[in-house]
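First comes the structure, then the notes that go with it.
The values are calculated or read from the model by the stated rules, or taken from the named source; none is laboratory data. These numbers come from a predicted model, not from an experiment. FYI the Cβ positions are ideal-geometry reconstructions off the backbone, even for glycines, and counts take in every protein chain you see. Quick note on the areas: whole protein, heavy atoms, side chains included, nothing else; ligands and nucleic acids left out. Shrake-Rupley method; radii C 1.70, N 1.55, O 1.52, S 1.80 Å.
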Amino acid sequence: LKPENIIILIGDGMGINYVGASVLQNSTSPFKEFTTIGLSITCSADKLITDSAAGATAIATGYLTNNKYVSVDTLGNPLYTLFEHAEKLGLSTGIVVTSSVSHATPGAFVAHTNDRNEQVLIASQMVDQGVDVVIGGGSKYFVPKSDSGEREDNRDLTKELIDKNYTYSKNYSDLKTIPDSINQIYALFEMDGLPESSKRNYSLGDLTRAAIEHLNNDVDGFMLMIEGSQIDWAGHDHKSKELLEEMNDFSSAVKEALEFAKKDG
């Protein structure tokens, strides 16, 4: 039997050492529920140490590429992504992240560019591709400069989404009021990344549950990518306390995904 729904959970910058530390300080860690472990090679084609763009491209396409490249090969040609295949099969697609939704990791599932910093372009491609449920930050990449955004092309993607019958939400309390029966949602809570987990009144698990409730309307199934984006940021800054807090936040999403999988079979 092939699975009806696929949930990909990515802890950005997270290695086995982070998982070990998280499990040691959280006796009820959902990581303990996994019965198998596997390792995949997601290094970049041009550097010993990958960045998020090349690492996510390896997961989203199965190919190694250069650092900074988002689902294009080393020559800049577009690579076929899991999300493109899911949509071809009639599945719904969803992205939930704690960074901007046009950041490198989500970008690899929805866009093609040789520069991860082109978040304005990634946002356009995400809207044009028709991802069904998108939750995170980064509204400034969707609106023109005249509206305090970053876009120089004067496109207001938030208005385009509403014209395409998406429900658009600007905060978590607003997201919670959207009926589960609504299939297409963009929820962009901040101009850029979300606040770190200790400064939010909602968890990545809460956002994951919301995404699953809306995506699960599709009888053909769905593909959902969830990223604990700020685990990586805490790691870069050598902030162990914040790192473990972000791992706990990510664990809340893992827990929601596992609970759904058990219930859904």
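I'd like the antiparallel share, as a percent to the nearest 5, of DSSP beta bridges with both residues in the chain.
Details: 2 of 26 bridges.
Percent antiparallel among DSSP bridges in the chain is about 10.
Against the criterion of solvent-accessible heavy-atom surface with a 1.4 angstrom probe, E227, E259, E160 sort, most first, into E259, E160, E227. With K and R counted +1 and D and E -1, the other residues having a Cβ less than 14 Å from that of S100 yield a net charge of -4.
Close amide H pairs (under 5 Å, H built 1.01 Å from N) link I135 with I95, V96, V97, A187, residues at least 5 positions away or on another chain.
With just the Cα atoms defining each centre, how far is segment 1-45 from segment 76-128? Give it in Å. Using only Cα atoms, the two centres lie 22 Å from each other. Placing a pseudo-label 7 Å from each Cα along the Cα-to-Cβ vector at D180 and I41 gives an inter-label distance of 4.4 nm. Solvent-accessible area assigned to carbon and sulfur over segment 221-265 amounts to 54 percent, based on a 1.4 Å probe.
How much length is gained if the chain between D128 and I49 is pulled fully straight, taking 0.36 nm per residue apart and subtracting their Cα-Cα distance, in nm to one decimal?
25.3 nm
This model, with +1 at the C-beta of Lys and Arg and -1 at the C-beta of Asp and Glu, gives segment 96-207 a dipole about its Cα centre of some 220 debye. In this simple spin-label model, placing a label point 7 Å from the Cα along the Cα-to-Cβ direction at both S198 and K164 gives a separation of 3.8 nm.
Once R0 is set to 30 Å, what does the formula 1/(1 + (r/R0)^6) return for the Cβ-Cβ distance between D220 and K32, expressed as a FRET efficiency to the nearest 0.05?
Details: r = 32 Å, r/R0 = 1.08.
So, using R0 = 30 Å, E works out to roughly 0.40.
Do you know the relative contact order of segment 152-265, to the nearest whole percent, from alpha carbon pairs under 8 angstrom that are 6+ apart? Relative contact order for segment 152-265 comes out at 24 percent.
Using θ = phi - 60° in the Karplus curve 6.51 cos²θ - 1.76 cosθ + 1.60, the 3J(HN,Hα) couplings for segment 154-170 round to 6, 6, 10, 5, 5, 5, 4, 5, 4, 5, 8, 6, 6, 8, 10, 10, 10 Hz; x is entered for Gly and Pro.
Please compute the per residue accessible area over segment 130-173 with all protein chains in place, 1.4 Å probe, rounded to a whole number of Å². Display every interim value, and only then the final one.
Values: 2110 Å² over 44 residues.
Each residue of segment 130-173 exposes 48 Å² on average to a 1.4 Å probe.
A Cα-only calculation for segment 1-56 places Rg and Dmax at 14.2, 40 Å.
Could you order Y166, Y69 by accessible surface area, starting with the largest, using a probe radius of 1.4 Å?
On the way: Y166 20, Y69 50 Å².
In descending accessible area the options line up as Y69, Y166.
Rg and Dmax, both from the Cα atoms of the chain and both in Å, are 17.4, 52. Ordering Y186, Y80 by accessible surface, largest first, gives Y80, Y186; the 1.4 Å probe counts only protein heavy atoms, with every chain in place. On a per residue basis, segment 211-265 carries 45 Å² of accessible surface, using protein heavy atoms and a 1.4 Å probe.
V120 sits with roughly 40 Å² accessible to a 1.4 Å probe, with DNA, RNA and ligands left out of the calculation. Set the Förster radius R0 to 30 Å, insert the Cβ-Cβ distance between L24 and L258 as r into 1/(1 + (r/R0)^6), and round the FRET efficiency to 0.05. Rounded to the nearest 0.05, the efficiency is 0.95. Could you let me know the centre-to-centre spacing of segment 48-63 and segment 222-265, using Cα atoms, in angstrom? After rounding, the separation between the Cα centres reads 19 Å. In whole percent, what relative contact order does the chain give with Cα contacts below 8 Å and a gap of six or more residues? Relative contact order of the chain: 23 percent. Each Lys and Arg Cβ is given +1 and each Asp and Glu Cβ -1; about its Cα centre, the chain then shows a dipole of about 380 debye.
For segment 132-248, the tally of Lys pairs with Cα-Cα distances below 26 Å comes to 15, considering only residues 8 or more apart or on different chains.
In the chain, the calculated helix contribution to ellipticity at 222 nm averages -11000 deg cm²/dmol per residue, counting -39,500 (n - 2.57) for every DSSP H run with n ≥ 4.
Counting only C-alpha contacts under 8 Å and six or more residues apart, can you give the relative contact order of segment 48-191 as a whole percent? Once normalised by length, the contact order is 19 percent.
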